[in-house]
Amino acid sequence: MGCSQTRLRAFTLTTPYPYSLTAISSAPMSIPEITPAEFVARRERGEDLTLLDVREAWELGIASVPNAVHIPMGEVAARIGELDPGKETVVLCRSGRRSLEVAKYLQQNGFRSINLAGGILAWSREVDATIPT
């Protein structure tokens, strides 16, 4: 009787920023996406979602979304304990690239994560035009 083995491969989530997140993968990941308008509609229906903003502090000074948890991308691995893995976590950045990388990392660590498609730029277009881009 043979035994099966699963080979895990490590991969690094790269960004143009001076840090990265390392995760372990046994299969390709599919990260769901949600538009800002869909996020707002779900929250208005009473769904308990965490909105995680992974932009840098200086970016929040330009544009921010109310009631978001702010953990810069480079600090997510060290501060993951501040997040509730029992709640869906919607990840936000400027345009959607960094948030996708963080959503992958969170998924690999047992979270139900969703990427906010288009980031704060889409939020400004779809939800609140007073937010500068």
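The values are calculated or read from the model by the stated rules, or taken from the named source; none is laboratory data. Remember, it's a predicted structure, so these values are computed and weren't measured experimentally. All Cβ positions, even for glycine, are placed from backbone atoms using ideal geometry, and neighbour counts span all protein chains on display. To get the accessible areas, we keep the full protein, side chains included, count just its heavy atoms, and leave off ligands, DNA and RNA. Shrake-Rupley method; radii C 1.70, N 1.55, O 1.52, S 1.80 Å.
For every residue, the table says whether it meets (1) closer than 19 Å to Pro132 by Cα; (2) open to solvent by less than 50 Å² (accessible area, probe 1.4 Å); (3) in contact with an Asp or Glu (Cβ under 6 Å, 6 or more places away or on another chain); (4) in a helix (DSSP H, G or I).
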{"residue": "Gly46", "(1), (2), (3), (4)": "no, no, no, no"}
{"residue": "Arg55", "(1), (2), (3), (4)": "yes, yes, no, no"}
{"residue": "Trp58", "(1), (2), (3), (4)": "yes, no, no, yes"}
{"residue": "Val76", "(1), (2), (3), (4)": "no, yes, no, yes"}
{"residue": "Gly86", "(1), (2), (3), (4)": "no, no, no, no"}
{"residue": "Asn115", "(1), (2), (3), (4)": "no, yes, yes, no"}
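Once region 90-113 is narrowed to residues that are small (Gly, Ala, Ser) and touching a helix residue (DSSP H, G or I) at 6+ places or on another chain (Cβ under 7 Å), the residue that is nearest to Thr130 (Cα to Cα) is Ser95.
Residue-level check: of (1) part of a loop (DSSP other than H, G, I, E, B); (2) at pLDDT 95 or above; (3) open to solvent by 20 Å² or more (accessible area, probe 1.4 Å), Lys104 misses just (1).
Scan region 30-40 and give yes if some residue there is modelled with pLDDT under 95, assigned to a strand (DSSP E or B), more than 26 Å from Ala129 (Cα to Cα) and open to solvent by 40 Å² or more (accessible area, probe 1.4 Å), otherwise no. No, region 30-40 contains no residue that is modelled with pLDDT under 95, assigned to a strand (DSSP E or B), more than 26 Å from Ala129 (Cα to Cα) and open to solvent by 40 Å² or more (accessible area, probe 1.4 Å).
Filtering region 117-133 to residues that are farther than 11 Å from Val91 by Cα and either part of a helix (DSSP H, G or I) or of a type in the set (Val, Ile, Thr) (or both) leaves Leu121, Ala122, Trp123, Ser124, Arg125, Glu126, Val127, Thr130, Ile131, Thr133.
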